[in-house]
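The numbers here are math on the coordinates, done by the rules we state, and not lab data. This structure is a prediction, so every number in the text was calculated from the model and none was measured. In this analysis, Cβ positions are derived from the backbone assuming ideal geometry, glycine residues included, and neighbour counts consider all displayed protein chains.
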Amino acid sequence: MKFPDLDIQLKTLPNSPGVYQYYDKNGKLLYVGKAKNLKKRVSSYFTKKHDNARTHLLVKKIVEIKHIVVNSETDALLLENNLIKNYQPRYNVMLKDDKSYPWICIKNERFPRVFPTRRLIKDGSEYYGPFTSMKTVHTLLDLIKGLYPLRTCNYDLSQDKIESGKYKVCLEYHLGNCLGPCEGKYSAESYHDNIDAIREIVKGNFKDSLHRFRDKMKTHAEDLEFEDAQRIKDKIDILEGYQSKSTVVNPKISNVDVFSIVSDEGYGYVNFLQLSHGAIIRSHTLEIKKKLAESDLELLEIGIVEIRQRFNSQSSEIYVPFPVEVGEEITVTVPKLGDKKRIVELSERNAKYFRIERFKQTKIVDPDRHVNRLMAQMKADLRLTSEPRHIECFDNSNIQGTNPVAACVVFKNGKASKKDYRKFNIKTVEGPDDFASMEEVVYRRYKRLLKEEQDLPQLIIVDGGKGQLSSGVKALEALGLRGKIAIIGIAKRLEELFYPGDSIPLYLDKKSETLKVIQQLRNEAHRFGITFHRNKRSSAALNTELETIEGIGEKTVIELLRHFRSVSRIKEEDENKLAEVIGPAKAKIIYQHYHEAK
């Protein structure tokens, strides 16, 4: 099997947290690691010298790098732990299940206890986590117990035993830490209301609990109990800054396959996450080449069947972003909320990253294929009738109405064609009128191209909103080109794309290649126009000072400024000093001009 060069694999890694996996030439997993920034961490293996012989040998064997993108460093730590346990790669330390991460258990009881544990027992109890440290668990439990009094005893608090008076309240009741359900002093309904609130806290939803904390803090403050108010405030600060839950692992999601898809004009990318015993143990993305403009539904169904066969999946349930038909023996779930929905979103995120990386790799290895895909994508995104192989973008530049100019930049096959750039001095417009200026330069540009029988662009972009776009359309109408060349306007504030006759703008995905090309065109037109404008203003400044003197030309002005650096110094110099630079005749003219002016 042929793998992309390691340099290409490294260049296209994302700057996101995640887990990376190294494979040898036989496809054997060598090492699993976690990273806050995948690109930086993985690249460091190949850029620095390793003193450790084992690490040096590992790097020599690596031919393929895979990765799974997650939302946080905590998720990366947990996922790394799961993968190492499942695959036991040769170059990783051995992890044993008896040293697993801690969880919070809400026991399946009439009056549920809430406590930390490292063992998951299938008795109907609820488990939340895992957490990266027991300190975090105790911090969260202290917060919970401070707000909601809970029992800590392990009595069987059935209705008949409580009514028979079998139990007596303990010290925890007298300390105010428990409300005495063992003697019937606290109802099961009220207790379960507290348990519902605790569930939300351990899920990461602190809204209701924070509201209660704040009310309690306010009450303490009104009663002048400032120490108690500060104690509650400290808990609020901890609670607000704490993220309690990982999206990577949930014990309720067991033995499930997760699939998602992203696509472009030429390919579909189906991501697969395999969950076993509540943990992600595999991630794989399948690239499918389109033949007949297949829909995402068709591609996802093809991908699910292929991937499940390839990895011999026995899972009876799959999570997907939309309904699919893959056989009656498989339960298809389309999650709408909660952890299941977040797992599907994580799969979609990995599919998007894979597509971006393939796009970057193609750009390096096969630029022609990259251009073809980019042009096809732009045609679809911008609703064009033909691929925009030749694009021209216009921008006006004037500051306080002075020296109005415009610029036209040209991109061919997605790249700048600087030899085709053009600058325009505004000739027919008085004062700062962007709309009229845009109409003038668009008209002049395409009148000339028509006259010289040169190729016209497939797409014109004007920098501005509806007003500038309307001006560009007027110019095309005057030339009989309306409808023959596509024209759009881009407004800077929200990157809105406007079309002629359509009041509702188009918004593209901020990460899309199409928007990036348009932004690059707009920025290049702005840069080119501003540079021309500055040069013109500088030239105008010189004209007003020196070139207005009769008998003094541009070359003389340049010589004087090169030697004396400023017009003010030229004014102050005596005639002999000026003559040493430009000769006595011209020196006399300049000296007399400024001397008489004084």
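Percent antiparallel among DSSP beta bridges with both residues in the stretch 385-533, to the nearest 5? Antiparallel bridges: around 65 percent, rounded to the nearest 5.
Between Arg118 and Ile589, the distance separating the two model label sites (each 7 Å from Cα on the Cα→Cβ line) works out to 9.5 nm. Once percent of Cα pairs over 37 Å apart is calculated for the structure shown, the corresponding label among (i) 40; (ii) 34; (iii) 59 turns out to be (iii).
Amide H contacts under 5 Å for Ser260: Asn271, restricted to partners 5 or more places along the chain or on a different chain, H placed in the peptide plane at 1.01 Å from N. Each part gets one Cα centre, and for the stretch 118-183 versus the stretch 431-478 those centres are 75 Å apart.
Just to be sure I follow: if Rg is taken over the C-alpha atoms of the stretch 6-95 and Rh is the Kirkwood radius over the same atoms, what is Rg/Rh? Each step should come with its number before you reach the end.
Values: Rg = 12.4 Å, Rh = 13.2 Å.
With Rg and the Kirkwood Rh in hand, the quotient comes to 0.94.
In order along the stretch 335-342, the Karplus-derived 3J(HN,Hα) couplings, from 6.51 cos²θ - 1.76 cosθ + 1.60 at θ = phi - 60°, round to x, 10, 9, x, 4, 4, 5, 5 Hz, and Gly and Pro are given as x.
Bridge orientation summary for the chain: considering DSSP beta bridges with both residues in this region, about 80 percent are antiparallel.
In degrees, nearest 10, range 0 to 90: what is the angle between the Cα axis of helix 207-222 and the longest Cα principal axis of the chain? For 207-222 against the chain, the angle is about 90 degrees. Taking θ as phi - 60° and the Karplus parameters 6.51, -1.76 and 1.60, the scalar couplings of the stretch 309-324 work out to 5, 4, 9, 6, 6, 10, 5, 8, 9, 10, 9, 9, x, 8, x, 9 Hz in sequence order, x denoting glycine and proline. Legend: ranking of residues Val258, Val344 from fewest to most surrounding C-beta atoms inside 10 Å; resulting order Val344, Val258.
Per residue, the Cα convex hull of the stretch 256-364 amounts to 104 Å³. For the stretch 549-597, the mean projected area of the C-alpha convex hull, equal to one quarter of the hull surface, is 2.9 nm².
Per residue of the chain, the DSSP helices (runs of n ≥ 4 H) give a summed -39500 (n - 2.57) that works out to -14500 deg cm²/dmol at 222 nm. Close amide H contacts of Tyr421 (hydrogens built in the peptide plane, cut-off under 5 Å, sequence separation of 5 or more or a different chain): Val410. When Rg and the Kirkwood radius Rh are both evaluated on Cα atoms of the stretch 385-533, their ratio Rg/Rh stands at 0.93. Sparsely packed loop sites in the stretch 547-593 (the GluC sites (Glu not before Pro) outside DSSP H, G, I, E and B with at most 11 other Cβ atoms within 10 Å) comprise Glu550. Rounded to the nearest whole Hz, the Karplus-based 3J(HN,Hα) values (6.51 cos²θ - 1.76 cosθ + 1.60, θ = phi - 60°) of the stretch 28-36 follow the sequence 8, 6, 9, 7, 10, x, 10, 8, 6, with x at glycine and proline. Put simply, the amide H of Phe115, placed in the peptide plane, has neighbours under 5 Å in Cys105, Lys107, leaving out anything fewer than 5 places away on its chain. Beyond 18 Å, the tail of the calculated P(r) for the stretch 323-414 holds 71 percent of the Cα pairs.
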